[in-house]
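Below is one structure; the comments refer to it alone.
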């Protein structure tokens, strides 16, 4: 196991430079989506140490949020906003895509057989929702094929490090839940709908909607004892072929204040796919996951083409 984790760490953080010149100096940059006028902002997250998890004294704390550990995380870029429906639709509609899906037996994402937005909003900056972790990773793979830059989901450690942005409090802005209205869409102010990204205040590192709106996929398979087994230096997710449970972070528009704490861990639930009429059930869509979305990262040290291919084989089986 230790040898595999070491290999994976090398894979994800192998030395190299992104294809875009404006990312070499490790500053913010905008990634343009091919054949469109759409682009998304990537924000630099410098390497550093932080304390992962919550203290035993934190209100609403669960046992799987500890024991706290001091963790080092290497540098990466993270998308300033959750991936939008507009951006994801470019992927859905790209007929040149050649990403074979074994289960769906197609070369592109399976058709959306219902309105997964539930009338809450699509074009114009609403977050994409209701897709599986598999679908999110396939979007990352498509981005790599189109841009030459390696994008992926954050690990749990990377997500919490970026969310906290140097803070040690319950929320990245402090401990006062009454201030959540300024930073997040959640059960109190969302009107039971996700909202356009970027309307609330960002955290100290310029990341929007890290709490609330839609909960966000991480790369990790969920385990209750996560903090007892991870490494102190760049803890990487170990691939697990089981579809459930995978870890999500940040809470969504249906969660209360306790569900939006920076240390709160959530796990995927098979019930999210219970109404899928497809046989076999689609790997792409989760019919009853209205509040599930994602954002992406790109390691500062980019892997080689061979290492990227190995990564997607490990996590997607193809």
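Odds and ends about this structure:
- Anisotropy class of the stretch 179-318 from Cα gyration tensor, a/c 1.5 cut: oblate
- For the stretch 131-199: rounded, prolate or oblate by the Cα gyration tensor [a/c cutoff 1.5]: oblate
- Where labels lie 7 Å past Cα in the beta-carbon direction, separation of residue 145 and residue 181 in nm: 4.7 nm
- Gain on full stretching of the segment that runs from residue 36 to residue 123 - 0.36 nm per residue minus C-alpha separation: 29.9 nm
- For 197, 238, order by how many other beta-carbon atoms lie within 10 Å, fewest first: 238, 197
- Residues 167, 79, ranked from the fewest to the most other C-beta atoms within 10 Å, line up as 167, 79.
- Taking other C-beta atoms within 10 angstrom as a stand-in for reagent exposure, 73, 271, 214 fall in the order 271, 73, 214, fewest first.
Only the coordinates and a few stated rules stand behind these numbers; no lab work does. Please read these numbers as outputs of a predicted model, since none were measured by experiment. Every residue, glycine as well, gets a Cβ built from its backbone with ideal geometry; the counts of neighbours run over all protein chains shown.
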